[in-house]
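Okay, structure first, notes after.
The values are calculated or read from the model by the stated rules, or taken from the named source; none is laboratory data. Source: prediction; values computed, not measured. Counting neighbours? That spans all protein chains shown, and the Cβs are built from the backbone with ideal geometry, glycine included.
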Amino acid sequence: MPDCLPISPSLTKLAPFILRARLLEVGRERLAQVSHKLAFLLLTEDISVTSRRQILAAFPCPVFQCLKSADIARIFGYNGTRLLGFRRSPLSAKIMQELKMCRISLKPLPDGKFMPRRPRVAVLGASGIGRHHISWWQLEGAEVCAFLGRTQESIAATKPRLLNGTFSGNAYTCLEELLDQEKPDIVDVCLPPELHFEACRTALAAGSHVLCEKPFVYDENLSRQTMLEQAQQLTALAQEKQRLLGVCTQYAVAANFCLTYCPPPPGGLSSYQGRLVSPGRNRARGARQTWIDLAPHLLAALQVAAPEGQIDWQTLETDFAEQKADAQFVLRRKRGKRDLTCRIQTLHADTEPFNVRQLTFDDQVFDIAGKLDENGIFQLEISTPRGMVSRPDMLRQVIRSFSLGKAEVSGAMAVKNMQWLLEILSRAC
């Protein structure tokens, strides 16, 4: 029994029948010959990004990416195979349904074009989370052409730490100069939150697509109304410039996986609980900072579960104390869907457990952890009611989607996330 179940349990269970029915096709040339008979293609995680892009452009059928070539060898007996075609059949349809959360595709951008095959990416702020963004962009086939630092001294300290010392791009302390010299297709904003608005606005105005770290816009010196207006301005500017705008509230990706892998009952969900504990590192963060730092993720997961829902503010109860920030409320839904009772728990912990990442939909509990794979690449390990499942890191999935033209959390979705985030904060503090 493997440590982690395959994404689709039917892959293992039905493999003998699939092979006996000769539903599998392998080899790029053969797949091209029978493309009109294919239900879907399955790419492994260890296929090259160049091959992935070529396949997405060449085949009209749905394409899914999961597992590794070793899994294909174990399940189907094909050694070294990174691409499988499944002919149309009821068996293929069943597997395709189970693989929904792994579907990938090239998405047209707002201007009708497609993201370049190897987009040029500039990362603003590379000493913290931006360092990990740079690694994921490279693994997903982008060219990280530059990063922005605060000073020449910070650049000198940061550059040797990027890509294990192999980063060859340029470094700048002036955003306008970076945009003028590098002309990046994508600007990835990993700066402190109070700098997000100006950086996103400048990059969008220059014609770049923008991916921004959470919280979308936040500056404690500004009013709640001003922050919301800034978020709406960025969304409007992206539409005006026909640029893609996304925000890295990664747990939207996790929620999508959970709800697809273990679908809710026919009557819909009745409860949601998100719990996120992050190391405090003895920095004495207050409840307000904990909420701003962690709650966007858990609110985004709720948005995926009930995108049309609205918080009933009369039901809101909060518990903000020291480094803990919790909120409970009812989410009202329309079109005959049942309401959701919701609880969000966030904490910066100075005692164990330091890391808790958990999403619960009704009685379905998903514990999210991570580990390095055999190649030293960080991946998710998700404990589900159906067993343990491995998936690419959430941030990697966000970056993968953006490189293919899709924002997992759009600007409009991020504005709603901010509205909830700030309104709960204002009623709690």
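Overview of values
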| quantity | calculated |
| --- | --- |
| Some residue of segment 396-419 being within 28 Å of residue 284 (Cβ to Cβ) and either in contact with a His (Cβ under 9 Å, 6 or more places away or on another chain) or part of a helix (DSSP H, G or I) (or both) | yes |
| Filtered residue count, segment 159-170, keeping only those that are closer than 15 Å to residue 133 by Cβ and either in a loop (DSSP other than H, G, I, E, B) or among the hydrophobic types (A, V, I, L, M, F, W, C) (or both) | 4 |
| Residues located in segment 135-172, provided they are of a type in the set (Ser, Thr, Tyr) and either exposed (fewer than 14 other Cβ atoms within 10 Å of the Cβ) or not assigned by TED's automatic domain parsing to the domain that holds residue 206 (or both) | 151, 166, 168 |
| Qualifying residue in segment 310-332 (condition: at positive phi, of a type outside the set (S, T, N, Q), assigned to a loop (DSSP other than H, G, I, E, B) and exposed (fewer than 14 other Cβ atoms within 10 Å of the Cβ)) | no |
| Test for residue 7: is it part of a loop (DSSP other than H, G, I, E, B), under 30 Å from residue 377 (Cα atoms) and of a type in the set (Val, Ile, Thr) | yes |
| The lone exception for residue 367 - which of (1) more than 30 Å from residue 238 (Cα to Cα); (2) within 22 Å of the chain's Cα centre (by Cα); (3) not in a strand (DSSP E or B) it fails | (3) |
| Residue check, residue 135 of a type in the set (Gly, Ala, Ser), farther than 29 Å from residue 428 by Cβ and within 25 Å of the chain's Cα centre (by Cα) | yes |
| Subset of segment 111-134 (residues that are in a helix (DSSP H, G or I) and over 14 Å from residue 168 (Cβ atoms)) | 129, 130, 131, 132, 133 |
| Flag if residue 191 is without any contact (Cβ under 8 Å) to a residue 40 or more places away in the chain and among the hydrophobic types (A, V, I, L, M, F, W, C) | no |
| Every pair of residues 6+ apart whose Cβ atoms lie under 8 Å, when the first sits in segment 280-291 and is farther than 16 Å from residue 192 by Cβ while the second is in a helix (DSSP H, G or I) | 287/428; 291/421; 291/424; 291/425; 291/428 |
| Flag if residue 337 is in contact with a helix residue (DSSP H, G or I) (Cβ under 8 Å, 6 or more places away or on another chain) and either exposed (fewer than 13 other Cβ atoms within 10 Å of the Cβ) or more than 17 Å from residue 419 (Cβ to Cβ) (or both) | no |
| Residues (out of contact with any helix residue (DSSP H, G or I) (no Cβ under 9 Å at 6 or more places or on another chain) and either surrounded by 15 or more Cβ atoms within 10 Å (Cβ to Cβ) or in contact (Cβ under 8 Å) with a residue 24 or more places away in the chain (or both)) located in segment 340-359 | 341, 343, 349, 350, 353, 354, 355, 356, 358 |
| Residue within segment 80-91 that is aromatic (Phe, Trp, Tyr), surrounded by fewer than 18 Cβ atoms within 10 Å (Cβ to Cβ) and in the same structural domain as residue 40 (by TED's automatic domain parsing) present | no |
| Filter result for the condition that a residue is of a type in the set (A, V, I, L, M) and over 24 Å from residue 392 (Cβ atoms), over 42, 84, 91 | 91 |
| Any hit, segment 370-379, residues being part of a strand (DSSP E or B), of a type outside the set (A, V, I, L, M) and surrounded by fewer than 13 Cβ atoms within 10 Å (Cβ to Cβ) | yes |
| Some residue of segment 115-123 being in contact (Cβ under 8 Å) with a residue 60 or more places away in the chain and at positive phi | no |
| Tally, over segment 257-288, of residues that are outside any loop (DSSP other than H, G, I, E, B), modelled with pLDDT under 95 and of a type in the set (S, T, N, Q) | 2 |
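Quick grid of which residues meet (1) out of contact with any strand residue (DSSP E or B) (no Cβ under 7 Å at 6 or more places or on another chain); (2) farther than 20 Å from residue 377 by Cα; (3) not hydrophobic (A, V, I, L, M, F, W, C):
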| position | (1), (2), (3) |
| --- | --- |
| 13 | yes, yes, yes |
| 21 | yes, yes, no |
| 69 | yes, no, yes |
| 73 | yes, yes, no |
| 83 | no, yes, no |
